[in-house]
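Single-structure report; data block below.
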Amino acid sequence: MKVSWSEGVGHQQHFHKQGRTIISHHWEFVGSEQKKSQVLNPGKHNWAFELMIPGNLPQTLESDVGNISYRLKATVERSAFVQNTVKKKAIRVLRSVLPSEFELIQSLEIHNTWAEKMVYDISVPSKLYAFSDKIPITFKILPIASQLRVHALMASIKEYCTYTANDHTKTDTRLVRVLRQDHPFPLPVSAETPHWEKTLLLDIPSKSPLVFADADSDMIRIRHRLKFVISLANADGHISELRCAVQIIVAESFAPAQELTSLPPYDPTWRSLPYDPLVVERLRASISDASGPPEVAADSRQPVSITGWSRLLALSAALGRPAEEDIQHSDPVAIPGSNQGSRLHSRRPSFEEQGSEVAGEEHHWWDDVDLGKVPSYKSVATGMFPSSLPPSYDVVNGRFDLSPRNL
């Protein structure tokens, strides 16, 4: 990182300059601390290397006053009297912003009454934008004074670059983009249109150095402000201007990867079936009995689907017993796989035992079941799936297809 500039002219001119290394790392693939030479046979030789860079590194910047650059340098040191081979390659470091940073994507709005002449409202949908974005700026104006006209609407992006070198500071400002529209409201305010409204699109340049991304370091600091001007023509012909501004953040890009913090859509969520260890074990046992020897079925225990549930109902009907009643009113079942032997799971009481049977009222298996309850990972891993390693939670909490065709 380097900054340098001059101030004054002639004998009063002063130069300010400072530079420092942000990050440095060294790899050595051939040779030793004694610097002994090593002979490489003819052919192609590869050495893999990697470096985890800190997340707070400033991004690459090239301006007239400040410079932040990263480069990779490869050196082949030869023996005496033979020139070394040196190659360099620039590395560009970019910083992206996650779209889910809610404090940055909140809309901005300026609402006020100005000089008893008008009520104005200026809004933008967010305070965070990237290169090549278009900023929609909405002006809403309600005139109070009579015969008031809007002469022009203006919007601009102003950039502030502050450089620091040895306790000396220099700030450069520039207009990155300016947009102006004259006579935006040709029609006067009427009962049908009691106020004026107009949206302007202000585009951000697509690359550096036409615009720099926001930066914050001890030597280089870059900020951006969005400025608005409403030019008014009064009844006497006098032109007056209302000026206001808000701070925005300009990033080079947004993070392209989908974040894991987003909630799942509703459609996959409702398919989750409440977990009951007794039901699942009976289902597995019945499928294993019908599909082959127990040792074969035990090696292919996959998440249970609603199709397996239907197969259990069909198998139970073929054996002449009501499957659902058998599942709900059976004796306790011992489930192998625990380090302490078998785990005993008591049966779930029937609706009659719970005193919930009402004449003429239809009951379902999901009645009085906490639909949001899922088993703990520990209980499932130690009780139902005997293996050397506990299964992943997604496998244990298998999804059930509750589509109408399977029900």
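The values are calculated or read from the model by the stated rules, or taken from the named source; none is laboratory data. On a predicted model such as this, the values are computed, not experimentally measured, just so you know. Neighbour counts are summed over all protein chains in view; Cβ atoms, including those assigned to glycine, are modelled from backbone coordinates with ideal geometry. Side chains are part of the model used for accessible areas, which takes the heavy atoms of the whole protein and leaves out ligands, DNA and RNA. Shrake-Rupley method; radii C 1.70, N 1.55, O 1.52, S 1.80 Å.
Just the residues that are in a strand (DSSP E or B) and either open to solvent by less than 20 Å² (accessible area, probe 1.4 Å) or among the aliphatic types (A, V, I, L, M) (or both), please, taken from region 105-119. Break it down stepwise before answering.
At the first step, the residues of region 105-119 found to be in a strand (DSSP E or B) are 108-114, 118-119.
Hits for region 105-119 are Leu108, Ile110, Met118, Val119.
Considering only region 1-76, give the strands (runs of 3 or more DSSP E) lying wholly within it that have at least 2 residues that are farther than 25 Å from Ala255 by Cα and either open to solvent by 60 Å² or more (accessible area, probe 1.4 Å) or of a type in the set (S, T, N, Q) (or both). Outline the logic, then answer.
On the way: elements: 2-7, 14-19, 66-68, 70-76.
The strands (runs of 3 or more DSSP E) meeting that bar are 2-7, 14-19, 70-76.
For Leu142, are the conditions met, namely being open to solvent by 60 Å² or more (accessible area, probe 1.4 Å) and within 15 Å of Ile230 (Cα to Cα)?
On the way: open to solvent by 60 Å² or more (accessible area, probe 1.4 Å): yes; within 15 Å of Ile230 (Cα to Cα): yes.
Yes: the conditions hold for Leu142.
Condition first: over 25 Å from the mean Cα position of the chain (by Cα) and outside any loop (DSSP other than H, G, I, E, B). Now tell me which residues in region 203-220 satisfy that.
First, pick out the residues of region 203-220 that are over 25 Å from the mean Cα position of the chain (by Cα): 209-210, 218-220.
Answer for region 203-220, where residues must be over 25 Å from the mean Cα position of the chain (by Cα) and outside any loop (DSSP other than H, G, I, E, B): just Ile220.
Filter region 221-239 down to residues that are surrounded by 14 or more Cβ atoms within 10 Å (Cβ to Cβ) and either part of a strand (DSSP E or B) or at pLDDT 90 or above (or both), then give me how many there are.
Narrowing region 221-239 to residues surrounded by 14 or more Cβ atoms within 10 Å (Cβ to Cβ): 221-234.
Checking the rest, the ones that are also either part of a strand (DSSP E or B) or at pLDDT 90 or above (or both) come to 221-233.
Of the residues in region 221-239, 13 are surrounded by 14 or more Cβ atoms within 10 Å (Cβ to Cβ) and either part of a strand (DSSP E or B) or at pLDDT 90 or above (or both).
Kindly indicate whether Lys134 is closer than 22 Å to Ala251 by Cβ, of a type in the set (D, E, K, R), open to solvent by 80 Å² or more (accessible area, probe 1.4 Å) and outside the structural domain of Gly19 (by the TED database).
Numbers: closer than 22 Å to Ala251 by Cβ: yes; of a type in the set (D, E, K, R): yes; open to solvent by 80 Å² or more (accessible area, probe 1.4 Å): yes; outside the structural domain of Gly19 (by the TED database): yes.
Answer is yes for this residue.
Output the qualifying pairs, or none if there are none: Cβ atoms under 9 angstrom, residues six or more apart or on different chains, first residue in region 5-23 and free of Cβ contacts under 8 Å to residues at least 60 places away in the same chain and in the same structural domain as Leu72 (by the TED database), second residue surrounded by 10 or more Cβ atoms within 10 Å (Cβ to Cβ) and basic (Lys, Arg).
Gly19/Lys2
Here are the criteria: (1) in contact with a Leu (Cβ under 6 Å, 6 or more places away or on another chain); (2) farther than 28 Å from Arg174 by Cα. Tell me which single one Met52 does not satisfy.
All conditions pass for Met52, except number (1).
Of Lys87, Lys158, Lys73, which residue is outside the structural domain of Lys17 (by the TED database) and either basic (Lys, Arg) or farther than 30 Å from His14 by Cα (or both)? Before you say what the answer is, go through the steps one by one.
Working: Lys87 fails: outside the structural domain of Lys17 (by the TED database); Lys73 fails: outside the structural domain of Lys17 (by the TED database).
Just one listed residue meets the conditions, Lys158.
Do we have His183 as at pLDDT below 95, under 24 Å from Ile239 (Cα atoms) and either open to solvent by 40 Å² or more (accessible area, probe 1.4 Å) or not assigned by the TED database to the domain that holds Ile122 (or both) here?
Numbers: at pLDDT below 95: yes; under 24 Å from Ile239 (Cα atoms): yes; either open to solvent by 40 Å² or more (accessible area, probe 1.4 Å) or not assigned by the TED database to the domain that holds Ile122 (or both): yes.
Criteria met by His183.
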